[in-house]
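The values are calculated or read from the model by the stated rules, or taken from the named source; none is laboratory data. Predicted model only: the values in this text are computed from it and were never measured. In this analysis, Cβ positions are derived from the backbone assuming ideal geometry, glycine residues included, and neighbour counts consider all displayed protein chains. Remember, those area values only see protein heavy atoms, side chains included, never the ligands or the DNA or RNA. Shrake-Rupley method; radii C 1.70, N 1.55, O 1.52, S 1.80 Å.
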Amino acid sequence: MMTHERQLSTGHLLALFTILIWGTTFVTTKLLLIDFTPVEVLFFRFVIGYVVLLLLYSKRIPLVSLREEMLFGAAGLCGVTLYFLIENMALTYTLASNVGIIVSIAPFFTAVLAHFFLHGERLNRSFALGFVIALSGIILISLNGSFVLKLNPIGDILAFLAPIVWAIYSVLMRKIGALPYHTIGATRKVFFYGIAFMLPTLFMFDFDLRLVRFANMNNLANLLFLGIGASALCFVTWNRAVRVLGAVKTSIYIYLVPVITVVASALILDEMMTWVTILGVVLTLLGSYLSEKGGKGHVDISSNEAGNSASRSL
């Protein structure tokens, strides 16, 4: 039987591991966009992720009720299809720095929704203070010393929609986490609906099935990283963290994405880190620490359930 403290530690480690991977996906995606369109990268990565999850856990999750099925469908629509499509569309209308700043406020929207729709997850002053400090750091990181922020209404509005959609996904996954299903199986079902909702968009955007691009080992390696690591593995570990820590505490780790991205860009793409960026990193880490202390998420698995958690956990 896993103790309460061990459950919390496991949840934090899973969330941190997930963000370490997700924080590097910007670099990987940037390399893939040379030969692939945004919608192609999105489709291929989640198809690969679904196949991997199917191989890891092939047991079918039964259709219990329409309400439960709608819960999985809504999670797939929000967390897989809408979030990534909206984010990619925003990037075509506005600056990447604008999108980076706006999308990083997802923890705030998650906390607001969780405050009203989830039991035991409340907002407080410490969380709000941490949010303000972290957002200040994220802005410095995104601007990277240029101090230029151009407003592009259409793109910025779309960018604001992305974290709202992710917040809805986080709340939905908290509810799905309370159901008696294996984490991998539940994530696979969410992927299924995400891909299903994604199919109509393939006819709306520039999509090409030419497989010759996969002969390039760099393309193949980057897609496998996104599909297996950032999608299949990380969505499972993230969903498990949400189940254990709660939607609010887990979402706080999103603050670290710009930090990891800027470090990965410096190491892999040789992008320069300025003193402004370093200050932004410090503020972001401080803000995430304060928000984590102020989050009121709690372990979802009770002591009575802990003994049976092995069949549903990683």
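A few remarks follow.
- Cβ-Cβ FRET estimate between L16 and F203, R0 fixed at 51 Å, reported to 0.05: 0.85
- P(r) histogram, all alpha-carbon pairs of segment 13-92 included - 10 Å bins from 0, percent: 14, 37, 36, 12, 1
- Extension gain, L63-V212: 0.36 nm per intervening residue step, less the Cα-Cα distance, totals 49.7 nm.
- Candidates per trypsin sites (Lys or Arg not before Pro) in segment 185-287, loop by DSSP, up to 14 other Cβ within 10 Å: R210
- Difference of contour (0.36 nm per residue) and Cα-Cα distance, A178 to A128: 15.3 nm
- Using a probe of 1.4 angstrom and keeping all protein chains present, the accessible surface of segment 169-237 works out to 43 square angstrom per residue.
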